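Below is one structure, written out as structure tokens, with a few remarks after it.
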Amino acid sequence: MMSCAKPKSSEKVRTSNFFTTKNGTKKSEAFFVFVVVKKAADTANARRSSVADLRFTTYNSGGLNHTEASMGINLVTTDYVRSYLAKLDALLKTVDPKQVARVGELLTAARAEGRQVFLVGNGGSAALASHMAVDLGKGCSRNRDKRFRVLSLTDNVPWMTALSNDISYDDVFVEQLKNYAEKGDLVIAISGSGNSKNVLKAVQYANTVGCATVGISGFAGGKLKEMVTDHVHVKADHMGLIEDVQLIVGHILVYGFMDTEGCG
């Protein structure tokens, strides 16, 4: 039985298997089903096209496709991994063993003479400074008659924030050195660019008080290369690869002791 209620929105009035539109034209129920299904299909196709267009729209920053990454498309493909490892392998071959061995000599002398070793750096370099301090302080010192007197100036966060807040972030390392550094001590500065102001300021002070200074930096070496007494150059302009090699250089330096003397 047909309903006598007036439709709320009189787009169409149903009579048996037909609909009567506002203008009086009769359309079959099958016609309206077809229209609804077609519209749904068109909408789905439009969405798929939109996604496809986005997939190939690249917003590059250092070669990264942000759109694809945000859509959950894996960018770390096996080809990318192979390419990255090949670049790292080639870069490692450019490291000068004499430069690294020279830092080993300075570390050996510092331990033998009871000199202090200080490490500085920012970001990933700060993490490496802490990492090396751990390896020198424990792995290269435990169960030895002579121990490394080593300190990473990146680890005292309250002191660093006080210096940054009250003076300047450029002074976070140099102000700590003023409390500790003496003639004959060793300062190892780690920097990707070689141009970090707080690192350079620390090295400049260390030089004035007679410390031996070492820089480990990438790109062209930066200002750090010219300021330190000894330098290890990572000849790359890719920060990830620079930090990879800096870590390996750090491990060579500490495992030179541990592989020979045992890991403490």
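Where a number appears in this text, it was derived from the coordinates with a stated rule and is not lab data. Not measured: the values here are computed from a predicted model. Note that we place each Cβ from the backbone using ideal geometry, even for glycine, and neighbour counts take in every protein chain shown.
Near Gly114: Cβ cut-off under 14 Å, other residues only, Lys/Arg at +1 and Asp/Glu at -1. The net charge is +3.
Using the Cβ atoms and a cut-off under 15 Å, what net charge is assigned to the surroundings of Lys235, where Lys and Arg are +1 and Asp and Glu are -1? Within the 15 Å Cβ shell, the charges total -1.
Excluding Leu153 itself, calculate the net charge of residues whose Cβ lies under 13 Å from the Cβ of Leu153, where each Lys or Arg counts +1 and each Asp or Glu counts -1. Result for the neighbourhood of Leu153: -2. The H on the amide N of Thr154, modeled in the peptide plane, is under 5 Å from the matching H of no residue at least 5 residues off or on a different chain. Look at Ser217, Ser168, Ser70, Ser141 and count the other Cβ atoms within 10 Å of each Cβ; fewest to most, that gives Ser70, Ser168, Ser141, Ser217. Pairs exceeding 19 Å between alpha-carbon atoms, taken from Lys201/Lys223; Lys98/Lys235; Lys98/Lys225; Lys183/Lys235; Lys178/Lys201; Lys98/Lys178: Lys183/Lys235; Lys98/Lys178.
To make sure I understand, if each residue's beta carbon is the centre and we count other beta carbons within 10 Å, what order do Val157, Val174 fall in, fewest to most? All intermediate terms of the calculation are to be shown ahead of the outcome.
Numbers: Val157 8, Val174 23.
Final ranking by Cβ density, sparse to dense: Val157, Val174.
Backbone phi angles across segment 170-179, fed through the Karplus curve with coefficients 6.51, -1.76 and 1.60 (θ = phi - 60°), yield HN-Hα couplings of 5, 9, 5, 9, 5, 5, 5, 4, 5, 7 Hz in residue order; Gly and Pro are listed as x. When each of Met71, Met239, Met160, Met132 is scored by the number of other beta-carbon atoms lying within 10 Å, the sequence from fewest to most is Met71, Met239, Met160, Met132.
With the convex hull constructed from alpha-carbon coordinates only, segment 96-261 shows a mean projected area of 8.8 nm² over all directions. The ratio of the alpha-carbon radius of gyration of segment 197-264 to the globular-protein estimate 2.2 N^0.38 Å is 1.27.
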